[in-house]
Amino acid sequence: MSIEVFAKRARELRNGKGLTTRMLAAELGISCALISYYENCKREPTLSALKAYAKFFDVTIDYLAGLSDRRDNNG
């Protein structure tokens with residue numbers, strides 16, 4: 001996984017929904033600081049965090065991890 005790709009995509013997805021780090025942290029049940037660490041490449045997300053992001057933003061883990069440029073599994 002590319003932490004830089006995850007950080008960029010996580011930030012883009014959050015901003016695309018008009019969410020602050022605090023709002024997203026509340027939705028995902030993790031700390032605001034952890035969201036910031038992820039978005040600033042200070043910490044690599046755990047599998048449970050990847051699952052939470054994927055579910056909330058309706059994207060694949062492969063997309064978040066930089067393994068695919070497709071956001072979903074369709075076609």
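A few comments on the model shown:
- Surface share of carbon and sulfur [accessible, 1.4 angstrom probe, percent] for the chain: 47 percent
- FRET efficiency, R71 to A33 (Cβ-Cβ, R0 22 Å, nearest 0.05): 0.25
- Relative to its residue count, the chain spans a Cα convex hull of 77 Å³ per residue.
- Here the dipole of the chain is about 180 debye; that uses its Cα centre as origin and unit charges on the Cβ of Lys and Arg (positive) and Asp and Glu (negative).
- With R₀ set to 22 Å, the beta-carbon distance separating L47 from L19 gives a calculated FRET efficiency near 0.50.
The values are calculated or read from the model by the stated rules, or taken from the named source; none is laboratory data. Small disclaimer: the values here were computed from a predicted structure and weren't measured. No Cβ is skipped: glycine too gets one built from the backbone with ideal geometry, and neighbour counts run over all protein chains shown. Areas reflect the complete protein model, heavy atoms only, side chains present, ligands, DNA and RNA absent. Shrake-Rupley method; radii C 1.70, N 1.55, O 1.52, S 1.80 Å.
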